[in-house]
Amino acid sequence: MEHPSISIRWNTVLVEVLGRASEEEDAEDGEDVDLDAPVQMVVRGARLRDVYTEEESVIEAEALFVAIGHTPATSFLEGIVEFNPDHAGYVLTKGTSTHTSLAGVFACGDVSDSVYRQAITSAGSGAAAALDAERWLSEEGLGNEEADFEAELLAELMADGPGEEDAGGYNAYEDAGGRIEGMKESIASEL
């Protein structure tokens, strides 16, 4: 972690990113300036605060990277589900699934992944949790009421369908003049 161009500030929070207009250095005296044009800002430094001493400092920089740390927001689940004994704050899941110790509660992403902790893996993990939850609901007989309603409606419509005289149903080709008419001649000759 030692590099002459990199300075790590532990236990420090970013108070303010300091900037300057990108044209500030390049503007020449007497040059016309469009006051309505958006001002392009560039980083010139940062104001930092030590979280223990509350002391503020300013550093000069042309770029900065802020590592925000990572503490899962899971305290509301204490006493409800089991936590990973090796990684404080992370919800324990069963195997490679998103199931927790409490049936019907699923954990994914940053609350259960102590290894990758990245947005893209959390999105995939969220999709897995949705599938696990859907399967659990189906197994518990708590399904998709909308799909049940659609199935019942479709059954009613089928029961109220055409009588025996209309059993053939509607044929759009017959309304268009028969099967052969309207087709390309080369296809019609093959039939």
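Taking the criterion of being at pLDDT 70 or above, of a type in the set (G, A, S) and either open to solvent by less than 100 Å² (accessible area, probe 1.4 Å) or touching a Gly at 6+ places or on another chain (Cβ under 8 Å) (or both), would at least one residue in the range 167-190 satisfy it?
Keep residues of the range 167-190 that are at pLDDT 70 or above, which gives none.
Looking through the range 167-190, none of the residues is at pLDDT 70 or above, of a type in the set (G, A, S) and either open to solvent by less than 100 Å² (accessible area, probe 1.4 Å) or touching a Gly at 6+ places or on another chain (Cβ under 8 Å) (or both).
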Search the range 88-124 for residues being open to solvent by 30 Å² or more (accessible area, probe 1.4 Å) and part of a helix (DSSP H, G or I), and hand back the single one that is modelled with the lowest pLDDT.
A119
Residues in the range 34-72 that are in a loop (DSSP other than H, G, I, E, B) and either over 29 Å from the mean Cα position of the chain (by Cα) or at pLDDT 80 or above (or both) total 15
Pairs with Cβ under 6 Å, 6+ apart, first in the range 74-97 and farther than 15 Å from S114 by Cβ, second surrounded by 12 or more Cβ atoms within 10 Å (Cβ to Cβ) and acidic (D, E)
S97/D132
Considering each residue of the range 130-155, count those that are under 13 Å from A103 (Cα atoms) and open to solvent by less than 50 Å² (accessible area, probe 1.4 Å), and give that number.
2
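G79: surrounded by 11 or more Cβ atoms within 10 Å (Cβ to Cβ), at positive phi and not aromatic (F, W, Y), yes or no? Show your work before the answer.
Values: surrounded by 11 or more Cβ atoms within 10 Å (Cβ to Cβ): no; at positive phi: yes; not aromatic (F, W, Y): yes.
Here the answer is no, as G79 does not meet what is asked.
The values are calculated or read from the model by the stated rules, or taken from the named source; none is laboratory data. Bear in mind that the values here come from a model prediction, so they are computed numbers and not experimental data. Here the Cβ is made from the backbone with ideal geometry for all residues, glycine too, and neighbour counts use every protein chain on show. Keep in mind that these areas ignore ligands, DNA and RNA; they rest on the heavy atoms of the full protein, side chains included. Shrake-Rupley method; radii C 1.70, N 1.55, O 1.52, S 1.80 Å.
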